[in-house]
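Undergrad: Got a structure here, written out as structure tokens. Questions coming.
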Amino acid sequence: EPEVTQTPSHQVTQMGQEVILRCVPISNHLYFYWYRQILGQKVEFLVSFYNNEISEKSEIFDDQFSVERPDGSNFTLKIRSTKLEDSAMYFCASSDESGTGELFFGEGSRLTVL
Amino acid sequence: AQSVTQPDIHITVSEGASLELRCNYSYGATPYLFWYVQSPGQGLQLLLKYFSGDTLVQGIKGFEAEFKRSQSSFNLRKPSVHWSDAAEYFCAVGAPTNAGKSTFGDGTTLTVKP
């Protein structure tokens, strides 16, 4: 069964460092998303991406964040200068052409900022 | 703005007993509704979804949910719980304009007693 894969599974970084989280969505999907889940809290929408551009972003997704689809398979989330409060599990998700919102999630990348 | 309330933070049931997890949503029109399950250290897996039509939807692993517009609810049920059902369950609502931008509830943690 096709799946969304994410790397790394866990990254530890120092405050102020840049981090790139990578995702390989399901190959025929056209809609891509990043969500995050701070430990013990709810899953929060960060950004959606379609047709090579951001379609919507939340207030969490400030100028420190960016997304990119550098080639036909990868979808990345970059945090330019990490803060302590960026520590969370980051989930990539993709959705098929129908755009019905059924999200297929990866297993997540845990980011720890020290 | 859309929102989701899961009133029960933690539920404990005995193996073989029935289960109902509550979900109430707030949205101006008919939303897209989802239930996801998250096992420890894992990503989110879709259990079932409602877009339109029959208000009783069947999902994977023997789960079902019923959409009740009058009560703004989308409760998840299972007639007989198995130990492997122990996990965290999230209800989510998505707008048809960007259904992948889902708003999640706080989640309900299910513990199954032998």
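The values are calculated or read from the model by the stated rules, or taken from the named source; none is laboratory data. Worth saying up front: this structure is predicted, and the values here are computed from it rather than measured. All Cβ positions, glycine included, derive from the backbone under ideal geometry; neighbour counts span all protein chains shown. For the accessible areas, the whole protein counts, side chains as well, though only heavy atoms, and no ligand, DNA or RNA atoms are used. Shrake-Rupley method; radii C 1.70, N 1.55, O 1.52, S 1.80 Å.
Undergrad: Strictly greater than 21 Å: what percent of every Cα pair in the protein assembly as shown meets that?
TA: 55
Undergrad: Quick check for you: with a 1.4 Å probe and neighbouring chains kept, what is the accessible area per residue of segment A:21-100, in Å²?
TA: 47
Undergrad: Compute the accessible area per residue over segment B:17-100, keeping the other protein chains in place, probe 1.4 Å, unit Å².
TA: Heavy-atom SASA per residue in segment B:17-100 reads 44 Å².
Undergrad: Relative contact order of segment A:46-106: what whole-number percent is it, with Cα pairs under 8 angstrom and at least 6 residues apart?
TA: Over segment A:46-106, the number comes to 18 percent.
Undergrad: Sticking with this structure for a sec: Give the average, rounded to an integer, of partner chain Cβ atoms located within 10 angstrom of each Cβ in B:100-111.
TA: Going residue by residue through B:100-111 and averaging, the value is 5.
Undergrad: Here is a further query. Rounded to the nearest 20 Debye, what is the dipole magnitude of segment A:1-56 about its Cα centre when Lys and Arg each give +1 and Asp and Glu each give -1 at the C-beta?
TA: Taking the Cα centre of segment A:1-56 as origin, the dipole is about 160 debye.
Undergrad: Using a Förster radius of 25 Å, what is the FRET efficiency between A:GLN41 and A:VAL12 based on their Cβ-Cβ separation? Nearest 0.05, please.
TA: Numbers: r = 20 Å, r/R0 = 0.80.
Taking R0 as 25 Å, the efficiency between A:GLN41 and A:VAL12 is 0.80.
Undergrad: Right, something else. Could you state how much accessible area is buried at the A-B interface, both sides summed, with a 1.4 Å probe, in Å² to the nearest 100?
TA: On the way: alone 6590 and 6060 Å², together 11010 Å².
Interface area, both chains combined: 1600 Å², rounded to the nearest 100.
Undergrad: Residue-wise, which Karplus ³J(HN,Hα) couplings in Hz belong to segment B:51-64, taking 6.51 cos²θ - 1.76 cosθ + 1.60, θ = phi - 60°, and x for glycine or proline?
TA: In residue order, the calculated couplings are 10, 5, x, 3, 7, 9, 10, 9, x, 7, 6, x, 8, 9 Hz.
Undergrad: Mind listing the phi-derived Karplus ³J(HN,Hα) values for segment A:104-110, rounded to whole Hz, using 6.51, -1.76 and 1.60 with θ = phi - 60°, and x for any glycine or proline?
TA: 10, 9, x, 7, x, 10, 8
Undergrad: Can you give me the long-range amide H partners of A:TYR31? Hydrogens built in the peptide plane at 1.01 Å from N, cutoff under 5 Å, separation of 5 or more residues or another chain.
TA: A:SER95
Undergrad: Round to a whole number: what % of the accessible area of chain A belongs to carbon and sulfur, probe 1.4 Å? Mind dumping the intermediate values first?
TA: Details: 2600 of 5780 Å².
For chain A, the apolar C and S fraction of the accessible surface comes to 45 percent.
Undergrad: Could I ask something else about it? Hey, can you grab everything whose amide H is under 5 Å from the amide H of B:ASP106? Only 5+ residues off in sequence or another chain; H modelled, so Pro and N-termini drop out.
TA: B:GLN6
Undergrad: Let me ask something additional. In whole Hz and in residue order, list the ³J(HN,Hα) couplings for segment B:45-50 that follow from phi through the Karplus curve 6.51 cos²θ - 1.76 cosθ + 1.60, θ = phi - 60°; x for Gly and Pro.
TA: 10, 6, 8, 6, 8, 10
Undergrad: Okay, next question. With a cut-off of 8 Å between alpha carbons and a minimum separation of six or more residues, what is the relative contact order of segment A:8-114 in percent?
TA: Values: 243 pairs, mean separation 41.2, N = 107.
Reported as a whole number, the value is 38 percent.
Undergrad: Looking at this model, which pairs from A:LYS57/B:LYS113; A:LYS83/B:LYS113; A:LYS78/B:LYS61; A:LYS42/A:LYS78; A:LYS57/B:LYS61 are more than 30 angstrom apart at the alpha-carbon?
TA: Long pairs (Cα-Cα over 30 Å): A:LYS57/B:LYS113; A:LYS83/B:LYS113; A:LYS78/B:LYS61; A:LYS57/B:LYS61.
Undergrad: Turning to a different aspect of this structure: If eta is 1.306 mPa s and T is 10 °C, what Stokes-Einstein diffusion coefficient results for segment A:1-46, Kirkwood Rh from Cα pairs, in µm²/s? Before the final figure, lay out the partial values.
TA: Working: Rh = 12.9 Å.
Roughly 123 µm²/s, to the nearest whole number.
Undergrad: Over all residues in A:103-110, what is the mean tally of Cβ atoms on other chains that come within 10 Å of each residue's Cβ?
TA: Counting Cβ atoms of other protein chains within 10 Å of each residue's Cβ and averaging gives 4.
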